[in-house]
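Since the structure comes first, as structure tokens, the remarks are kept for the end.
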Amino acid sequence: MQKLSSKLDWTRMLGFEQIADTRNAVQEGAKLDAKVGLKVGVKLGTKEGVKA
Amino acid sequence: MRERLAATLDYVFGEVGEELGVDRAEADRVVSEIRAAPQSPNRFGAYYEMVLAVESDELDEARALASELMASADASGLRVAAIEDRAPGQAERYRRLLISEPGMAAQPDATLLADTEERIDAAFALLDQGFPQMSAEIRELLREIVIAAGPEDPKAITFDGASSYMLWGATLLNARGQTNVLDTAQALAHESGHNLLFGFCTSGSLVENADEEVFSSPLRKDPRPMDGVFHATYVVARMHQTLTRLLASGAVDPADRERALADLAAHQRNFAAGDAVIRENGRLTPLGAEVIETARAYMASAA
């Protein structure tokens, strides 16, 4: 049975680059939630940034 | 962004709507609805999660998300609400898509929430008075300001604000991230700037650098991809412009003036640092070059 994903031309879709990034990340074994955030979330502090 | 979402859903439901359990007439209704009016960030988030489920061939999950996409949601006006103050499942989605460590965005208690809402109202009032064009633009760009409480532990990793391409129109503010109205006004200019840049990117990127290439960023201690450096540099100029206009208008409380001037100087330095990284290492698309030139022109005029 043909996979659903193979029926779509991903380059026609909104955010296909972000989707591809996420797919690649998952294939690399990254944690999906973290990678989605890292790829597309621009998480900036107004002055101090990420504090450790 | 809305037009692209509408066209994409039209295409996706045309190709695989039946498998997703979406009736063609219902799909047409939703596509028309998206074209006609601003949409909730949640609808963008549901779209991305649906296509990611399709990508992974998780059909049941994709069907559930397609069904969620069919449900209408009021997105008129700008909604300010706590992270948990939304339909079941949405808070988890917002955390998932906005921040890399979902646990760091907790529901604020009633007092913290009320204080933050009051500060956001005051920040808009300040912008209305001193830089009404920015206030109007923020209201146009953002559909939701989501309030969460970051960790209290001073050693914990935290955030001040967050925005995501996948939740277009939403911005997350840490109720513990800003403590005064001027900072909140700057945070709104900052985070809405990310949403503006996301809106520019509906058909491509601002930069061509690979995400694996990382550089020093003016607003983060950790090295960032060029896209992050670009965003940071652009929003720094936007914060500089906001503060400059507020100061020139006389809207800034005299007691805050010294701090505002210190922030302005920091923005000047941070822009110069970020722009130097972009000039040296950035491979910008024509769109990216055009966008950063507007920021450079502003900063040069303000010097």
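The values are calculated or read from the model by the stated rules, or taken from the named source; none is laboratory data. Here the structure is a predicted model, which is why all the values come from computation and not from measurement. Here the Cβ positions follow ideal geometry from the backbone for every residue, glycine too, while neighbour counts run over all protein chains shown.
When the range B:90-105 is filtered for residues that are surrounded by fewer than 18 Cβ atoms within 10 Å (Cβ to Cβ) and modelled with pLDDT of 90 or more, only B:E92 remains.
State whether one or more residues within the range B:79-94 are farther than 18 Å from B:L172 by Cβ, assigned to a loop (DSSP other than H, G, I, E, B) and more than 9 Å from chain A (Cβ to nearest Cβ). Yes, the range B:79-94 contains a residue that is farther than 18 Å from B:L172 by Cβ, assigned to a loop (DSSP other than H, G, I, E, B) and more than 9 Å from chain A (Cβ to nearest Cβ). Counting only residues that are among the β-branched types (V, I, T), assigned to a helix (DSSP H, G or I) and either facing another protein chain (nearest Cβ under 9 Å) or surrounded by fewer than 17 Cβ atoms within 10 Å (Cβ to Cβ) (or both), the range B:208-243 holds 1 of them.
For B:P151, the conditions (1) within 10 Å of chain A (Cβ to nearest Cβ); (2) within 18 Å of the chain's Cα centre (by Cα) all hold with the exception of (2).
Among the residues making up the range B:1-46, those that are within 25 Å of B:L97 (Cα to Cα), within 12 Å of another protein chain (Cβ to nearest Cβ) and among the acidic types (D, E) are B:E3, B:D10. Within the range B:170-202, how many residues are closer than 12 Å to B:G288 by Cα and either among the small types (G, A, S) or away from chain A (no Cβ under 11 Å) (or both)? Here the count works out to 1.
Residues in the range B:244-293 that are in a loop (DSSP other than H, G, I, E, B) and either on the phi > 0 side of the Ramachandran plot or in contact with a strand residue (DSSP E or B) (Cβ under 8 Å, 6 or more places away or on another chain) (or both): B:G250, B:G282, B:R283, B:T285. Among the residues of the range B:158-178, write down those that are within 15 Å of B:L219 (Cβ to Cβ), hydrophobic (A, V, I, L, M, F, W, C) and not in a strand (DSSP E or B). Selection gives B:F159 alone. B:I34 meets each of the listed conditions (1) surrounded by fewer than 20 Cβ atoms within 10 Å (Cβ to Cβ); (2) without any contact (Cβ under 8 Å) to a residue 60 or more places away in the chain; (3) not aromatic (F, W, Y) apart from (1). Can we say B:I99 is among the β-branched types (V, I, T), facing chain A (nearest Cβ under 10 Å) and under 21 Å from the mean Cα position of the chain (by Cα)? Here the answer is yes, as B:I99 does meet what is asked.
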